[in-house]
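Everything below concerns the one structure shown next.
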Amino acid sequence: MVGIVAYGAYVPRLRLQRQAVYDANKWFAAGLRGLAKGERSMANWDEDSITMAVEASRDCLTSHKAEDVRSLYFASTTQPFKDRQNAGVIGTALSIEQNLLASDVGGSMKAGTSALIAGLNASKNGGGPALVAAADKRLARVASSNELNYGDGAAALLCGTENTIANLVGHHSVSMDFVDHFRGDETDFDYGWEERWIRDEGYSKIVPPAIKAALAACKLKGADITHFIMPSLMPAVPKQMAKICGIADGSVRDLLGANLGDTGAAHALVMLVDALEGAKAGDKIMVVAFGQGVDVLVFEVTAENAKLPKRKGVSGWLARRKEEKNYMKFLAFNEMLPIEKGMRAEFDKKTALSVLWRKRDMIYGLVGGKCKVCGTVQFPRSQVCVNPNCHAIDSQDPYAMAGLEANVMSFTADSLTYSPDPPAYYGMITFPEGGRFMADFTDSDKEQVKVGAKMRMTFRIRDNDTMRGGFKRYFWKAAPV
Amino acid sequence: MARGIKDKVAILGMGCSKFGERWDSGAEELMLESYKECLADAGIDAKQLNAAWFSTAIDEVHVGKSGIPLSTTLRLPNIPVTHVENMCASGTEAFRGACYAVASGAADFALALGVEKLKDTGYGGLPGGRGGPLQALWSANGTAPGNFAQLATAYMTAHNVSADDLKKAIGHVSWKSHQNGAKNPKAHLQKAVEMDTILNAPMIASPLGLFDCCGVSDGAAAAIVTTPEIAKSLGKHNIVSVKALQLSVSNGSESGHNSWDGSYFHTTRIASKKAYEEAGIKNPRSEVSMFEVHDCFSVTELVTMEDLHISETGKGWKDVLDGFYDADGKIPCQIDGGLKCFGHPIGASGLRMLYEMYLQFQGRAGARQLKDPRIGMTHNLGGAPRENVSSVAIVGRFE
């Protein structure tokens with residue numbers, strides 16, 4: 001039976017304090033006071049939907065082999081590239097390329113659930129394990145409610161037919177062009193219609209019939225649902241929909257608004273991961289996503305869920321947090337503030353695509369080499385072994401290093417180099433297995449970065465070539481464990 | 001070990017422009033400023049030059065490529081001009097080329113001239129963002145201060161030196177260079193600085209503060225070399241000859257193999273050992289009279305004095321604090337102010353160091369003249385602690 005085999009999530013470390021946002025903007029938008037509580041996740045300057053999806057996928061694959069994945073779906077409304085497969089970047093970062101069907105899914109707040117349905121169907125039909133990753137990093141206008149309500153984050157689900165932790169009981173979708181909000185291709189921001197209309201003519205008329213159809217297909221009643229997942233920027237709406245469909249109020253899952261925010265196309269899956277983390281065998285989970293129609297999926301949790309090896313998941317990543325009260329930093333990280341970057345930020349960031357292709361396993365996969373003659377692990381892989389007592393030629397096998405922990409040998413906090421988040425931390429990191437390189441650090445503070453500190457590799461944005469329309473360069477950085 | 005070139009080459013003349021923020025001059029004017037002094041000092045005619053070596057490190061922001069800029073600016077008589085670049089060792093590389101030409105007999109008179117015009121970039125510090133298309137995809141977003149700051153971190157770790165002790169020692173390195181630079185009319189910075197000012201300066205790349213970093217200067221320096229025999233035949237006295245020229249280049253082991261702990265310059269240890277051997281120096285701590293080393297950062301000088309086998313490994317900071325390298329110490333280091341105060345026009349720096357040695361041996365160093373120096377050593381380090389070129393030159397009286 002097809003279902004979910006493993007889950008993972010990712011939440012950026014920074015948590016923007018909503019009060020700080022309100023304090024900066026209340027002169028203009030005093031009406032936002034009601035939203036000025038709690039915190040929302042805030043991507044670091046070097047994170048986007050691709051990097052967050054890579055992290056969630058790694059979290060998900062804690063217990064499974066990446067090379068077994070046969071299809072990869074990436075759902076987002078903020079995919080960094082319009083033409084260049086975003087899912088393909090994720091696949092390369094996970095070192096899965098061969099025998100892989102990769103697909104980008106977008107265009108709606110139900111992109112995450114639509115991708116999950118596609119992944120489940122792909123697996124069901126003998127397609128092998130399917131990885132579904134969803135991430136969003138939506139921008140919002142200054143002093144808007146979206147700015148306070150949105151959060152950045154990602155989820156990943158591995159679909160398969162063996163050792164499923166939650167079986168798919170059934171699913172139902174409707175598609176209709178109800179435009180509650182939209183984001184045209186000439187803007188970064190959403191434009192939304194009146195909330196009361198969305199509630200009364202949209203949610204109330206479109207969602208209940210779809211839920212009822214799904215329940216009927218699954219031969220279930222509303223009361224059978226243990227966990228009801230339905231993202232919405234209007235917190236009362238999921239409860240209303242549940243009530244209409246006979247689903248117990250206590251089954252309606254928390255929207256994670258207080259400390260995460262709404263993660264867009266990813267949010268239904270983020271909430272699903274959150275539910276799976278505590279779900280018991282036999283629990284029935286309904287996932288509803290609304291966006292120009294509705295996707296409804298129903299799962300039944302199996303006994304395997306309790307046996308799933310530990311991973312960070314939503315709760316683990318939420319627990320890793322740093323409060324951010326600097327609203328200006330949030331604006332600057334999102335390129336919404338024409339900040340003086342100085343001439344050092346001007347250097348050309350053109351990428352030689354031919355080099356990137358030749359070295360993609362090194363750059364996107366952090367694959368180094370291991371010498372067959374002396375056993376030395378090294379990065380990058382080179383034709384002549386780096387060991388001064390070896391120097392064997394053409395002796396190295398590829399050696400994956402992204403999953404290895406490293407130690408800080410030396411480091412600095414550099415105030416001279418241009419960084420969107422100065423000072424720039426970087427240093428020589430060494431891998432106990434062998435190998436070292438001078439790496440940029442990220443998510444780092446003075447208190448954490450020390451000689452000997454343990455670091456974890458993370459896939460991040462290195463540069464953005466804005467001269468050529470926004471070609472993002474990705475590479476691996478070291479972050480404190 | 002090869003036979004070496006000890007005493008086969010003599011410095012016939014040298015010149016050095018005023019270093020500094022030379023808003024009045026381009027690279028061409030600076031080149032000519034050093035060349036005029038050098039040619040007059042050598043006492044020969046330009047037509048007698050057989051070959052020239054021209055050094056720059058960041059020529060993309062001033063003269064561009066090839067030997068043509070030197071040949072055109074000086075209107076050289078269509079002789080071979082070789083443009084050399086080896087980061088901060090470029091000046092010494094030009095000198096090495098010229099010396100080897102003379103030592104081989106291929107040239108009787110060879111010119112080495114180095115220049116750097118960096119103050120046309122619009123900002124302070126060295127231009128960033130260099131490197132090939134692969135490097136741009138993965139190497140850390142670092143600067144020179146950030147790379148050398150890590151030498152300090154690793155040195156403290158390796159030798160269990162407290163942050164406070166190290167800060168004081170590297171502060172003393174810069175204090176001493178400012179004392180010396182104040183006596184050098186050609187220096188970029190000619191002002192003595194209080195220790196408190198140094199220790200409390202803003203951080204550039206921790207633990208290196210503003211005074212731990214040398215600035216960026218415009219300037220040029222030049223040498224004309226010949227054989228000692230020809231120099232004598234031209235009536236020269238106090239002849240200064242070349243005792244050794246060595247260069248060691250990283251092969252990636254420091255940056256890629258876990259055997260290096262980051263606290264020393266692997267290359268400098270090798271280059272200096274070979275140089276002492278070429279020069280026949282058995283005990284450098286007692287035989288060398290003065291040093292001009294690559295103090296791009298205060299900590300670089302401190303560690304370099306260990307890697308040149310003068311201070312004991314891990315103890316250099318104590319020698320520094322004891323005043324061993326001060327102008328009135330046992331072996332003065334950076335008597336001309338060093339990169340820190342004389343300045344660091346990269347392509348010219350190696351030749352600038354030799355210029356000071358040359359003046360000292362000839363008793364022409366003015367207010368900073370040392371008493372009876374016999375042997376002097378210069379050192380350049382290009383790149384970063386983990387990957388670099390290290391050049392050393394030993395010069396001295398021709399006896």
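The values are calculated or read from the model by the stated rules, or taken from the named source; none is laboratory data. As the structure is a computational prediction, the values presented were derived from the model and not from experiment. Every residue, glycine among them, receives a Cβ derived from its backbone with ideal geometry; neighbour counts consider all protein chains shown. All accessible areas refer to the heavy atoms of the entire protein, side chains included, with ligands and DNA or RNA removed. Shrake-Rupley method; radii C 1.70, N 1.55, O 1.52, S 1.80 Å.
Here A:PHE81 and B:LEU234 are evaluated by their C-beta separation; at R0 = 56 Å the FRET efficiency comes out at 0.20.
Taken over segment A:1-158, the percentage of Cα pairs per 10 Å bin, counting from 0 up to the bin with the maximum distance, is 12, 37, 28, 15, 7, 1. Since only A:GLY403, A:ALA345, A:GLY368 are under comparison, the one whose Cα sits farthest along the positive direction of the charge dipole of segment A:344-403, derived from C-beta charges on Lys, Arg, Asp and Glu, is A:ALA345.
Rolling a 1.4 Å probe over the protein heavy atoms leaves A:CYS245 with an accessible area of roughly 10 Å². Straight-line cross-link reach from A:LYS280 at under 19 Å between alpha-carbon atoms covers these aspartates and glutamates, not counting any fewer than eight positions away in the same chain: A:GLU162, A:ASP224, A:ASP249, A:ASP254, A:GLU300, A:GLU304. Taking label points 7 Å from Cα along the Cα-to-Cβ direction, B:LYS282 and A:MET1 give a separation of 9.0 nm.
Loop-resident trypsin sites (Lys or Arg not before Pro) (DSSP state other than H, G, I, E or B) in segment B:173-253 with no more than 11 further Cβ atoms inside 10 Å of their Cβ: B:LYS191. Only helices enter this figure: runs of n ≥ 4 DSSP H residues, each worth -39500 (n - 2.57), summed and divided by the residues of chain A, yield -6000 deg cm²/dmol at 222 nm to the nearest 500. Phi angles of segment A:171-177 translate, via the Karplus equation with coefficients 6.51, -1.76, 1.60 and θ = phi - 60°, into HN-Hα couplings of 8, 8, 9, 10, 10, 8, 7 Hz per residue; Gly and Pro are given as x.
Across chain B, the relative contact order, built from alpha-carbon pairs under 8 Å that are at least six residues apart, equals 27 percent. Helical content of chain B, expressed as a calculated mean residue ellipticity at 222 nm, amounts to -10500 deg cm²/dmol (DSSP H runs of 4 or more residues, -39,500 (n - 2.57) each, divided by residue number, nearest 500).
Backbone amide hydrogens, once placed in the peptide plane, bring A:ALA413 within less than 5 Å of B:SER206, excluding anything fewer than 5 places away on its chain.
In segment B:1-57, taking the dipole from charged Cβ atoms about the Cα centre, the farthest positive-side position among B:ILE5, B:CYS38, B:TRP53 is held by B:ILE5.
Output the antiparallel fraction of DSSP beta bridges having both residues in chain B, as a percent to the nearest 5. Antiparallel bridges make up about 75 percent of those DSSP assigns within chain B. Net length available on complete extension from A:MET467 to A:PHE182 is 99.9 nm, with 0.36 nm assigned per residue and the Cα-Cα distance removed. Across chain B, the volume of the C-alpha convex hull divided among the residues equals 131 Å³ per residue.
Ranking A:ASP104, A:ASP59 from most to least accessible surface, computed with a 1.4 Å probe over the protein chains only, gives A:ASP104, A:ASP59. The mean accessible area for residues of segment A:3-333, using a 1.4 Å probe and ignoring ligands and nucleic acids, is 39 Å² per residue.
Bridging of A:LYS219 to lysines at a Cα separation below 18 Å is possible for A:LYS284, once same-chain residues fewer than 8 apart are set aside. Taking R0 as 30 Å, what's the FRET efficiency between A:ASP445 and A:GLU97 from their Cβ-Cβ distance, rounded to 0.05? Here the calculated transfer efficiency is 0.25. Distant-in-sequence amide contacts of A:PHE441, defined by a placed amide H-H separation under 5 Å and a gap of 5 or more residues or a different chain, comprise A:TYR425, A:TYR426, A:GLY427, A:ALA478. Per the accessible-area calculation with a 1.4 Å probe, the total area buried between chain A and chain B rounds to 3400 Å². Taking label points 7 Å from Cα along the Cα-to-Cβ direction, B:SER162 and B:ILE68 give a separation of 6.0 nm. To the nearest 0.05, how large is the calculated FRET efficiency for A:ILE339 and A:GLU162 if R₀ is 45 Å and r is the Cβ-Cβ distance? Taking R0 as 45 Å, the efficiency between A:ILE339 and A:GLU162 is 0.30.
Dipole of segment A:3-333, Cα-centred, from +1 at each Lys and Arg C-beta and -1 at each Asp and Glu C-beta, to the nearest 20 debye?
The dipole magnitude comes to about 820 debye.
Within the same chain, lysines fewer than 8 places from B:LYS232 are excluded, and of the rest, those with a Cα less than 25 Å from its Cα are B:LYS6, B:LYS8, B:LYS36, B:LYS47, B:LYS243, B:LYS371. Dividing the Cα radius of gyration of segment A:3-333 by 2.2 N^0.38 Å, with N the residue count, gives 0.93. For segment A:332-361, the set of trypsin sites (Lys or Arg not before Pro) satisfying both a DSSP loop assignment and a count of at most 12 other C-beta atoms within 10 Å is given as A:LYS341. Step through the table entries A:LYS370/B:LYS273; B:LYS18/B:LYS176; B:LYS18/B:LYS274; B:LYS183/B:LYS318; A:LYS212/A:LYS307, compare each Cα-Cα distance with 24 Å, and write down the pairs that go over it. The pairs that break the limit, which is 24 Å between Cα atoms, are A:LYS370/B:LYS273; B:LYS18/B:LYS274; B:LYS183/B:LYS318; A:LYS212/A:LYS307.
Computed about its Cα centre, the charge dipole of the protein assembly as shown is approximately 860 debye, with only Lys, Arg, Asp and Glu carrying charge at their Cβ.
Here the relative contact order of chain A, from alpha carbon pairs under 8 Å that lie six or more residues apart, stands at 17 percent. Inter-chain Cβ neighbour count for B:248-255, averaged per residue, equals 3 (cutoff 10 Å, partner chain atoms only).
When the Cα centres of segment A:208-229 and segment B:354-399 are compared, how far apart do they sit, in Å? Centre-to-centre distance over Cα atoms comes out at 86 Å.
Using every pair of distinct Cα positions in the protein assembly as shown, the Kirkwood expression returns a hydrodynamic radius of 30.3 angstrom.
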